[in-house]
1. Among the residues that make up region 127-150, is at least one of them touching a Pro at 6+ places or on another chain (Cβ under 8 Å), within 14 Å of the ligand (Cβ to nearest atom) and over 18 Å from Gly187 (Cβ atoms)?
2. Does at least one position in region 212-221 carry a residue that is within 15 Å of the ligand (Cβ to nearest atom) and either closer than 21 Å to Gly153 by Cα or buried (at least 18 other Cβ atoms within 10 Å of the Cβ) (or both)?
3. Residue pairs, Cβ under 8 Å, 6 or more apart or interchain, first in region 339-365 and among the aliphatic types (A, V, I, L, M), second part of a strand (DSSP E or B) and within 11 Å of the ligand (Cβ to nearest atom). List them.
4. Return the only residue of Phe258, Phe277 being farther than 17 Å from Asn155 by Cβ and away from the ligand (no atom under 14 Å from the Cβ).
5. When you go through (1) part of a loop (DSSP other than H, G, I, E, B); (2) without any contact (Cβ under 8 Å) to a residue 12 or more places away in the chain one by one for Ile302, which number turns out not to apply?
6. Just a yes or no: is a residue in region 42-55 closer than 21 Å to Arg419 by Cβ, out of contact with any Ser or Thr (no Cβ under 8 Å at 6 or more places or on another chain) and touching a residue at least 12 places away in the same chain (Cβ under 8 Å)?
7. Helices (runs of 4 or more DSSP H) wholly in region 141-241 with at least 1 residues that are within 20 Å of Pro299 (Cα to Cα) - which ones?
Amino acid sequence: MVSVAVQNELNVYESAEARFEVAAKKLGLEEGLYKYMKYPNKEITVYIPVAMDSGHLEVFIGYRVHHSIVRGPCKGGIRFAPDVTLDEVRALAAWMTWKCAVVNIPFGGAKGGVICDPSKLSNGEVERITRRYTAELSEWIGPERDVPAPDLGTNEQTMAWVMDTYSMHVRHTTTAVVTGKPFELGGSRGRKEATGRGCQIVCDKALTRLGRKRENTRVIVQGFGNVGSMAALLMYQAGYRIVGVADIHGALYNEKGFDIAALLDWVHGQHRPLPDFPAGGARLSTHDVLFQPCEILLPAAIENQLTSQNAHRVQALILCEGANGPTTAPADAVLEKKGVFVIPDILANAGGVTVSYFEWVQDRQGFFWRESEVNERLQDVMENSFDEVVRYAETHGVNNRIASYMLAIDRVAFALKLRGIYA
Ligand code: NAD
């Protein structure tokens, strides 16, 4: 049985709140501002009736939480997963506010989710869920209001359906209503690789700080979806040695390193199970691979992977959080004591929302950039944000995670004071 303390530790909303509390206290945030930023702006629950292929009618529950519109329209992904909860969506929405503020792009935070298991639904059923969910939210989303994007269980195709449904409602094609769209519908070059590329950029920065070289750096990546596979591929191409890989089916570990281009073809090209990769190493569970020898650990799958119960087993020097919330709040202290250099999620995986911002800008201009231009701008944003977080940590004597929250909260509070409260 899991104890109540551990259950609370695994509640991502409590994890997000715990860090917010520490950062707000360190900043000496006045009480009114603290309350304003602690709670979401708006929470919407929708009940989505869907005609299933079998002919019966099913009702799915969906959420959209707007955490903040202080610095701009709110922005955040849509998650389709069986274990979506309102608490989780709340936490993810707040993280989006802080993430956009850390990389200093003009958005607030939102998140959405539908309780469903896309792997058990037909394409047509997923499309009908997406379209009705979008229709129910059509008053609340829009290029100037709330701009969704893909997350777990959703992808470019889902965003194309959201864009089309919204456009039908407003009677004109509105590409800027979502990001992470197919390129042919106003998507940005470089968006697919952006989150993984951002992870590589901040890992490069961390290596420089620690005086290490890519060639002598072993990396373990948990998750081989959009973020994990792209981070692994780009880091492999840049000379890192990827010694551990994992997805929901299991993990492989090999000190000699994997050919990630071949693994990508195996998993995503040939649709074969990751742990059956022929040039593989030792088979491990998706969980155990986190604790194998490496210099960089890059969790890029789901939440709550490192907890107060297991964080002492991490062997890495650097933790780069590709996923949102892979580390619980109590695990932070364990990692700090071990001296692990943490690149917190709201910085490490912000490459995705940064290029989403570029996509929104390009859609609104109707003018599309070269991939090299997207990547150069992303590099600038990630490098500057890394430097700002590390500087903040040194100046205030806090760890990188609390520094990133402080930087973000400070920016949102400043904007809020300038705007004032409409009464
Ligand atoms: P995805 O659906 O493309 O891939 C998820 C990967 O995780 C898959 O390889 C899957 O097999 C694996 N996985 C799922 N459940 C697992 C489990 N229980 N144990 C181990 N592995 C498991 O999702 P994604 O877009 O790559 O997102 C991954 C994480 O990164 C999420 O936390 C997401 O919120 C975060 N994130 C994504 C983006 C983005 O641009 N896609 C941006 C920022 C943050």
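1. no
2. yes
3. From residues that are among the aliphatic types (A, V, I, L, M), the pairs are Val353/Ala149.
4. Of the residues listed, the single one that is farther than 17 Å from Asn155 by Cβ and away from the ligand (no atom under 14 Å from the Cβ) is Phe258.
5. (2)
6. Quick first cut of region 42-55, residues closer than 21 Å to Arg419 by Cβ only: 42.
Of the ones still in play, those that are also out of contact with any Ser or Thr (no Cβ under 8 Å at 6 or more places or on another chain) are 42.
Still in the list and also touching a residue at least 12 places away in the same chain (Cβ under 8 Å): 42.
Yes, region 42-55 contains at least one residue that is closer than 21 Å to Arg419 by Cβ, out of contact with any Ser or Thr (no Cβ under 8 Å at 6 or more places or on another chain) and touching a residue at least 12 places away in the same chain (Cβ under 8 Å).
7. Working: elements: 156-170, 191-210, 226-237.
Result: 191-210, 226-237.
Matching residues to (1) under 23 Å from the mean Cα position of the chain (by Cα); (2) modelled with pLDDT under 95:
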site: Val59; (1), (2): no, no
site: Val65; (1), (2): yes, no
site: Thr85; (1), (2): yes, no
site: Glu88; (1), (2): yes, yes
site: Cys100; (1), (2): yes, no
site: Gly113; (1), (2): yes, no
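The values are calculated or read from the model by the stated rules, or taken from the named source; none is laboratory data. Quantities reported herein were computed from a predicted structural model and do not represent experimental measurements. FYI the Cβ positions are ideal-geometry reconstructions off the backbone, even for glycines, and counts take in every protein chain you see.
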